[in-house]
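A short worksheet on the structure shown next.
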Amino acid sequence: MDVAINLIINGHEVEAMVDSRTTLLDFLRLHVGLTGTKKGCNHGQCGACTVLIDGRRMLSCLKFVAATSDMKVCTIEGIGDASHPHPVQTAFMKHDAFQCGFCTPGQIMSAVALLDEGGSYTREAIRERMSGNVCRCGAYSNIVSAIEEVLSQ
Amino acid sequence: MNEFDYVRPSSMAAAFRCLERPGAKVLAGGTSVSDLMKLGVEQPCVLVDISALPLKDISVNGESLYIGALASNSEVAMHPLVQQHLSLVSEALLSGASTQIRNAASIAGNLMQRTRCSYFRDISFPCNKRRPGSGCSALKGVNTYHAILGTSEQCIAVSPSDLAVSLCAVDAYVHVESVQGGRRIALSKFFTAPGVQPQIENSLRPGEIVTFIEIPDFRRYRRSAYLKVRARASYEFATVSVAAATIDDSSRSAGIVVALGGVGTVPWRSRQAEATMQQEICTDAVLATFCDLLMRDADCRPATAFKLPMARTAIMRCIKGLVA
């Protein structure tokens with residue numbers, strides 16, 4: 001079944017007819033061409049597909065895009081670029097908070113949301129609150145350092 | 001994934017009409033349903049997205065706290081009244097999944113999530129829960145993380161929800177509604193042990209929508225906690241968990257309520273066992289008697305035998321922390 005959808009992606013209104021089975025993740029990557037959001041496990045276990053939906057971090061692989069119609073989506077492409085990086089992006093580069101980089105967009109989107117969520121900011125608390133983003137290269141220590149620095153700014 | 005129709009009704013009446021269509025299934029946060037659809041475990045013909053229904057409020061009415069079915073797991077966990085009076089519920093929620101999933105997942109969806117038994121989730125294996133009568137692969141397969149309480153010859157799958165365990169301890173009710181009207185179901189009766197019908201996991205009837213969760217007399221809990229033991233430090237289902245609370249209540253003489261997770265096919269609780277405990281006399285002997293009674297009917301397999309001593313230790317740690 002095709003569904004008419006209308007959502008705001010990185011500030012731009014997007015209208016489309018999509019198969020009801022399309023996830024937000026596939027819609028972003030295959031229909032809109034925003035390939036910064038990564039498809040890791042596609043089952044809600046790795047966090048690589050993390051985006052902001054109406055300002056809150058969620059997994060785009062577990063959302064049918066039809067269910068996000070009328071909502072605002074922000075992806076890694078929406079928070080900064082090479083000439084104007086987001087402070088979290090700058091901190092990730094400074095702290096070498098990645099190796100292969102595949103999980104990085106999800107890590108950064110998760111960290112960007114974390115900044116707005118309040119709560120405790122010990123290293124242990126940051127690790128807990130970032131536990132939904134898996135990094136197979138094991139860059140965790142530097143990821144926590146990068147986030148710690150942005151939180152202290 | 002099978003093809004399906006997607007509808008987003010904007011009123012309860014419209015939602016009930018949508019649910020009358022053959023193969024209709026409710027979609028809320030979608031974190032569980034979409035995953036099971038990708039796996040082929042769920043194959044609805046119609047997804048009824050109820051996210052536009054007015055079921056998000058968290059409010060107090062009389063002595064009860066009412067949590068709208070569509071409130072997100074994050075909203076409930078961070079709600080001031082939940083944090084102040086029901087630490088065990090807040091802690092149970094925050095110990096489950098990740099922030100991304102808690103932001104999307106609804107509170108009723110949390111209760112409705114299916115078991116994580118890997119044979120249930122893999123359609124190439126026989127599973128009585130998924131295909132009644134096909135056999136239970138877990139009985140003779142890898143069953144380290146399976147249930148030891150409430151099991152049957154047909155199914156030993158563990159009930160996955162941390163929230164359900166905490167709500168079981170505080171005698172919550174699940175309110176449901178259909179075209180026939182509304183009813184409320186005690187949480188202890190909402191979840192059903194597998195028995196000979198493991199495909200039935202709860203007492204929700206076709207056409208019914210969960211509208212809210214009620215926690216009666218929610219201010220009576222003095223201290224409470226949720227202790228979760230799991231294979232990794234975060235983002236993992238419980239191997240064993242304990243939800244416990246102390247009560248200030250003259251009619252119950254300063255008692256303690258306890259529910260177990262990770263060990264049962266349903267959240268596990270025994271009022272008879274609780275009757276042996278009082279906050280003032282929580283000695284090791286008293287707690288040992290409590291554990292014996294609570295897990296009297298345990299049905300362990302070689303791979304799950306470790307859960308009994310693990311649960312005992314977790315219960316002791318959790319309760320001693322509360323009465324200290």
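The values are calculated or read from the model by the stated rules, or taken from the named source; none is laboratory data. Predicted, not measured: the structure shown is a model, and the values here were computed from it. Please note: Cβ atoms are built from the backbone with ideal geometry, for glycine as well, and neighbour counts cover all protein chains shown. SASA here: full protein model, heavy atoms, side chains in, ligands and nucleic acids out. Shrake-Rupley method; radii C 1.70, N 1.55, O 1.52, S 1.80 Å.
Quick one: which residues, 5 or more positions from B:L65 or on another chain, have an amide H under 5 Å from its amide H? H modelled 1.01 Å from N in the peptide plane, none for Pro or chain starts.
Hits under the 5 Å cutoff: B:I215, B:D217, B:F218.
So how far apart, in nm, are the two label points at A:Q153 and B:S124 if each is 7 Å from Cα heading toward Cβ?
4.7 nm
I need the phi-derived Karplus couplings for the stretch B:276-283: 6.51 cos²θ - 1.76 cosθ + 1.60, θ = phi - 60°, integer Hz, Gly and Pro marked x.
Per-residue couplings from phi come out as 7, 10, 9, 4, 6, 10, 8, 6 Hz.
Just want to confirm a number: the relative contact order over the stretch B:219-324, from Cα pairs under 8 angstrom separated by 6+ residues, in percent.
Computed over the stretch B:219-324, the figure is 26 percent.
About the Cα centre of the protein assembly as shown, how large is the charge dipole given +1 on each Lys and Arg Cβ and -1 on each Asp and Glu Cβ? Please answer in debye to the nearest 20.
1100 debye
Give me Rg over Rh for the stretch B:84-235, both radii from the alpha carbons and Rh done the Kirkwood way, two decimal places.
0.98
Using every Cα-Cα pair within the stretch B:210-288, state what percent have a distance larger than 21 Å.
That tail contains 39 percent of the Cα-Cα pairs.
Show the residues, 5+ positions off or on another chain, whose built amide H is closer than 5 Å to the amide H of B:G255.
B:I247, B:D249
On a C-alpha basis, how far is the centre of the stretch B:266-287 from the centre of the stretch B:144-173 in Å? Whole number, if you could?
Taking the Cα centre of the stretch B:144-173 as reference, the centre of the stretch B:266-287 is 19 Å away.
Please name which of B:S51, B:I200, B:G150 has its Cα lying farthest along the dipole of the protein assembly as shown towards the positive end, using unit charges on Cβ (Lys, Arg +1; Asp, Glu -1) and the Cα centre as origin.
Highest projection toward the positive end goes to B:G150.
Tell me, what is the FRET efficiency for A:R123 and B:A14 to the nearest 0.05, using R0 = 35 angstrom and their Cβ-Cβ distance as r?
Once the sixth-power term is evaluated, E becomes 0.10.
Restricting the calculation to Cα positions, tell me the Rg (one decimal) and the Dmax (whole number) of the stretch B:144-299 in Å.
Using the Cα atoms of the stretch B:144-299, the pair Rg, Dmax is 16.3, 52 Å.
Amide H neighbours of A:D19 under 5 Å, at least 5 residues apart or on other chains, H built in the peptide plane: list them.
So A:D19 has HN proximity to A:V3.
Which length gain, in nm to one decimal place, applies between B:Q180 and B:V286 when the Cα-Cα distance is subtracted from 0.36 nm times their residue separation?
On the way: separation 106, 0.36 × 106 = 38.16 nm, distance 4.73 nm.
Using 0.36 nm per residue and subtracting the Cα-Cα distance, I get 33.4 nm.
Placing +1 at every Lys and Arg Cβ and -1 at every Asp and Glu Cβ, with all other atoms neutral, what dipole size does the stretch A:1-123 have around its Cα centre, in debye to the nearest 20?
460 debye
Return, ordered by residue number, the residues of the stretch A:79-94 whose backbone nitrogen is under 13 Å from a label point located 7 Å along Cα→Cβ of A:V14.
In the stretch A:79-94, the label zone of A:V14 (backbone N under 13 Å from the point 7 Å along Cα→Cβ) covers no residue.
Please list, by residue number, everything in the stretch B:198-219 whose backbone N is under 19 Å from a paramagnetic label point 7 Å out along Cα→Cβ of B:K189.
What the label zone holds, given the 19 Å backbone N cut-off, is B:200-217.
What's the extension gain from B:V142 to B:A324 if we count 0.36 nm per residue and subtract their Cα-Cα distance?
61.6 nm
How large is the translational diffusion coefficient of the stretch B:1-160 in µm² per second when you combine the Kirkwood radius over alpha carbon pairs with Stokes-Einstein at 25 °C and 0.890 mPa s? Numbers along the way, then the final one.
Working: Rh = 17.5 Å.
Answer from the Stokes-Einstein relation: 140 µm²/s.
Using a 1.4 Å probe and counting only protein heavy atoms, how much accessible surface gets buried when B and A come together, both sides summed, in Å² to the nearest 100?
2500 Å²
Just report the Cα centroid separation between the stretch A:88-135 and the stretch B:196-245, whole Å.
Going from one Cα centre to the other spans 29 Å.
Could you tell me which residue out of B:F212, B:V263, B:I319 lies farthest along the dipole of chain B toward its positive end? Charges go on the beta carbon: Lys and Arg +1, Asp and Glu -1, centred on the Cα centre.
B:V263
With unit charges on the beta carbons (Lys and Arg positive, Asp and Glu negative) and the dipole taken about the Cα centre of the stretch B:84-145, which residue among B:S137, B:N110, B:H85 sits farthest to the positive side?
Value computed over the given set: B:S137.
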